[in-house]
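Before any comments, here is the structure.
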Amino acid sequence: MTDTNKLEDLIRDSGYKRSFLCEQMGISGRSLSNKVNNKTEFTASEIFKLSELLRINCTQQQTIFFSSEVDELPTK
């Protein structure tokens, strides 16, 4: 799953408009929104392009695009 908060922070801090990012990635604004908000998944090429634009390194890619939610099991 995508870490929405981290990705949103990077997008905001980049100074790029979402429309520019969408144009560069070849996707619509709705598509980007769905991907950022975990309604659909990013493709590998989209992760690569967005990482290039936002200067996201490999370590950041792991924490942003491949985060996992861990649900705690209730104790008995």
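Every read-out reported here was derived from the displayed coordinates using simple, explicitly stated rules and does not represent laboratory data. Please read these numbers as outputs of a predicted model, since none were measured by experiment. Positions of Cβ are backbone-derived with ideal geometry, glycine not excepted, and every protein chain shown enters the neighbour counts.
The table below lists the values:
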{"quantity": "Expected 222 nm ellipticity per residue - DSSP helices of 4 or more, -39500 (n - 2.57), all of the chain, to 500", "calculated": "-17000 deg cm²/dmol"}
{"quantity": "For the stretch 4-65, alpha-carbon Rg over 2.2 N^0.38 Å", "calculated": "0.98"}
{"quantity": "Distance in nm between pseudo-label sites at Ala44 and Gln24 (7 Å out along the Cβ direction from Cα)", "calculated": "2.2 nm"}
